[in-house]
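Below you'll find the structure, written out as structure tokens, and then a few comments.
The values are calculated or read from the model by the stated rules, or taken from the named source; none is laboratory data. Since this is a predicted model, take the numbers as computed values, not measurements. FYI the Cβ positions are ideal-geometry reconstructions off the backbone, even for glycines, and counts take in every protein chain you see. Note: accessible area is taken over every heavy atom of the protein model, side chains too, but ligands, DNA and RNA are not part of it. Shrake-Rupley method; radii C 1.70, N 1.55, O 1.52, S 1.80 Å.
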Amino acid sequence: MTDLAIAAVGTIKLPPDIRRHRRVREALASVKRLTDFIDGRVLGTSNDDGPVTQLYAWKKNVQPHADRTGFVYFAPLVIPRGGSLVCAEDASDVLLKVGGVYRLNDFITHGTYENGSVVCLFRGPYPAPNDSEALAEMQAGADRLAVAAPDQPRVSPGFRIVGRGECYASELHEDGRHSVLMSIAQAKREGMEIARCAHCGRRAVDLDHHYPWEQSGNRCERH
Ligand SMILES: [Zn+2]
């Protein structure tokens, strides 16, 4: 039924102990940082270049809204105690299951009810439903999580947290200076400039809003 706002379209096999996976814990930590007033309750996805398999998360009780991007797929990895119910304007409500894959027409108003944060694999948007591709790609994403592949799914760049062995680094491109979150080893190997705390010079975990052009707001974990 492709005319429903929400539909269960299949299941994927998840790595064991997914709740403790580094990328899942990052998503949980990042969603806790969201300030309702500024950020809303959902960790955004980056999907300007077509469907990408990534992680996303939301805080409890997302108010009814429509994103208006197309058809998106999500597979819950972590659901809080008591469950999570996604409701839509057309009453095609679903009680989410870990490892289930759901297709959402996000033009139709939808919201959620639960007692805590939900973390999902996400893929989209598609201009039209493509269940078989989405299922295969999301299984491939789960498999990359299982082996912690370098290109394993992760929350979109603005929501990442600097982990052990990682840093923000920048390099000059034809169209300006770009900064990325990457492994310290790789940044050194590629001769990139590692972002430093403006107070003490340690690795920065919080960047100036205008980094890499401005570094005075860069801060390390201690500052
Ligand atoms: Zn510092």
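Hey, what did region 45-161 get for relative contact order, percent, Cα under 8 Å, at least 6 apart?
That works out to 37 percent.
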Region 145-223 to region 6-73: how many Å between their Cα centroids? 22 Å
Carbon and sulfur %, accessible surface of region 1-97 computed with the full protein complex present, 1.4 Å: 52 percent
For 169-181, 211-223, ranked highest to lowest by mean beta-carbon neighbours within 10 Å, the order is 211-223, 169-181
Choose one answer from His65, His110, His210: the residue with the largest mean-square fluctuation in a GNM of the chain with alpha-carbon springs under 10 Å. His210
If each residue of separation counts as 0.36 nm, what is the full-extension length gain between Ser132 and Cys200 once their alpha-carbon separation is subtracted? 19.3 nm
For the chain, what class follows from the C-alpha gyration tensor (a ≥ b ≥ c being the square roots of its eigenvalues): rounded when a/c is under 1.5, otherwise prolate if a/b is larger than b/c, else oblate? prolate
Provide the per-residue ³J(HN,Hα) series for region 183-188, in order, calculated from phi with Karplus coefficients 6.51, -1.76, 1.60 and θ = phi - 60°, each as a whole number of Hz, with x at glycine and proline positions. 6, 4, 4, 5, 4, 5
Using the Cα gyration tensor of region 26-120, with a ≥ b ≥ c the square roots of its eigenvalues, what is the shape: rounded (a/c below 1.5), prolate (a/b larger than b/c) or oblate (neither)? rounded
Region 103-146 shape via C-alpha gyration tensor axes, a/c threshold 1.5: oblate
Between Ala66 and Arg189, what FRET efficiency comes out of the Förster formula 1/(1 + (r/R0)^6) with R0 = 41 Å and r the beta carbon distance, rounded to 0.05? 0.35
Return the single residue from Gln54, Gln186, Gln139 with maximal mean-square fluctuation; model: Gaussian network over the chain, springs between Cα atoms under 10 Å. Gln186
Gaussian network model of the chain, Cα springs within a sub-10 Å range: biggest mean-square fluctuation belongs to which of Arg22, Arg164, Arg103? Arg164
Compare the peptides 193-200, 119-126 by average per-residue count of other Cβ atoms within 10 angstrom and give them in order, highest first. 119-126, 193-200
I need the phi-derived Karplus couplings for region 73-87: 6.51 cos²θ - 1.76 cosθ + 1.60, θ = phi - 60°, integer Hz, Gly and Pro marked x. 10, 9, 10, x, 9, 9, 10, x, 3, x, x, 9, 10, 9, 10
Using θ = phi - 60° and the Karplus curve 6.51 cos²θ - 1.76 cosθ + 1.60, what whole-Hz ³J(HN,Hα) does each residue of region 166-179 get, with Gly and Pro shown as x? 10, 8, 8, 9, 9, 8, 7, 10, 4, 9, x, 8, 10, 10
In deg cm²/dmol, rounded to the nearest 500, the helical mean residue ellipticity at 222 nm of the chain, built from -39500 (n - 2.57) for every DSSP H run of length 4 or more, is -5000 deg cm²/dmol
Over region 133-223, what percent of the accessible surface lies on carbon and sulfur atoms, probe 1.4 Å? 48 percent
Accessible area per residue, 1.4 Å probe, Å², for the chain: what's the number? 54 Å²
Which far-off residues, 5 or more places away or on another chain, put their amide H under 5 Å from the one on Arg202, with H placed in the peptide plane? Cys197
His209 versus Asn115: modelled label distance in nm, points set 7 Å from Cα along the beta carbon direction: 3.9 nm
Separation of the Asp90 and Ala146 label points, Cα + 7 Å toward Cβ, nm: 3.4 nm
Taking placed amide H atoms and a strict 5 Å upper bound, the residues 5 or more places from Val155 or on another chain that come that close are Leu55
